[in-house]
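The structure under discussion appears below in the form of structure tokens.
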Amino acid sequence: MAAFNKFQDFSEQLSEGIHNFASHTFKLALTNSAPSAANTVLADITQITAANGYPAGGTAIGSVTCTESAGTTTIAGNKVTFTASGGSVGPFRYVVMYNDTSTSDNLVGWWDYGSAVTLAAAETFDVKPSNVDTGGTILTVA
């Protein structure tokens, strides 16, 4: 799994109540353009073209949970699988997490996979927090 990078504005957005990991919908979007840590909303990101199984706006993360223990909060969620159908998807190198419930689609963070990936028809790409299928840690706030 690639390392998680948070967008700089994410910490301020948390303190302003923009993100509610217990009830909001969070999605993963694909891009081949390097995100800037200064980006704040999904409109700042150039997504790949919605086609061949990749939907505009990306795919929702299932079962997002938020738990606290000894002052550290853990955000976890299930894997997301992107599947190319009817043609290729990509290329993409970055997977961007954002809050689809917030009016502006505020950004949370991104993963850099190191090189561009293109899925041929019927190929899949899994984004798996902590290399587990269910309940893997996405990020911690301490």
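The values are calculated or read from the model by the stated rules, or taken from the named source; none is laboratory data. In this text the structure is predicted, and so the values were computed from the model without any measurement. Because the Cβ atoms are built from the backbone with ideal geometry, glycine has one as well, and the counts that use them run over all protein chains shown. Please note that ligands, DNA and RNA were not included when accessible areas were found on the heavy atoms of the full protein model with its side chains. Shrake-Rupley method; radii C 1.70, N 1.55, O 1.52, S 1.80 Å.
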Where nothing but the Cβ of Lys and Arg (+1) and of Asp and Glu (-1) is charged, how large is the charge dipole of the chain around its Cα centre, in debye to the nearest 20?
280
Note down the nm distance, to one decimal, between modelled labels 7 Å out along Cα→Cβ at V141 and at T118.
4.0
Would you kindly derive the ³J(HN,Hα) couplings of segment 46-62 from the backbone phi angles with the Karplus curve 6.51 cos²θ - 1.76 cosθ + 1.60 (θ = phi - 60°), listing them in order in whole Hz, with x for Gly and Pro?
8, 6, 5, 5, 6, 5, 6, x, 8, x, 4, x, x, 10, 5, 7, x
For the chain, what number results from the quotient of the Cα radius of gyration and 2.2 N^0.38 Å?
1.01
Roughly how many percent of the accessible protein surface of the chain is carbon and sulfur, given a 1.4 Å probe and a whole-percent answer?
46
Residue separation times 0.36 nm, minus the C-alpha to C-alpha distance between E16 and T67: what's the value?
16.4 nm
List the residues, sorted by chain then number, that are 5 or more residues from E123 or on another chain and whose placed amide H is less than 5 Å from its amide H.
A84
Residues whose modelled amide H sits under 5 Å from the amide H of F7, counting only those 5 or more places away in sequence or on another chain, are G109, W110
Whole-Hz Karplus ³J(HN,Hα) for segment 65-78, in order, using 6.51 cos²θ - 1.76 cosθ + 1.60 and θ = phi - 60°, x for Gly and Pro?
10, 9, 10, 10, 8, 6, x, 10, 9, 10, 9, 10, x, 7
Mean shadow area (nm²) of the C-alpha convex hull around segment 48-118 is 6.0
As I understand it, the dipole of the chain uses +1 on the Cβ of Lys and Arg and -1 on the Cβ of Asp and Glu, about the Cα centre. Which of F4, L14, V89 lies farthest toward its positive end?
V89
Which residues' amide hydrogens lie under 5 Å from the amide hydrogen of D100, considering only partners 5 or more residues apart or on another chain, with H built in the peptide plane?
T25, F26, K27
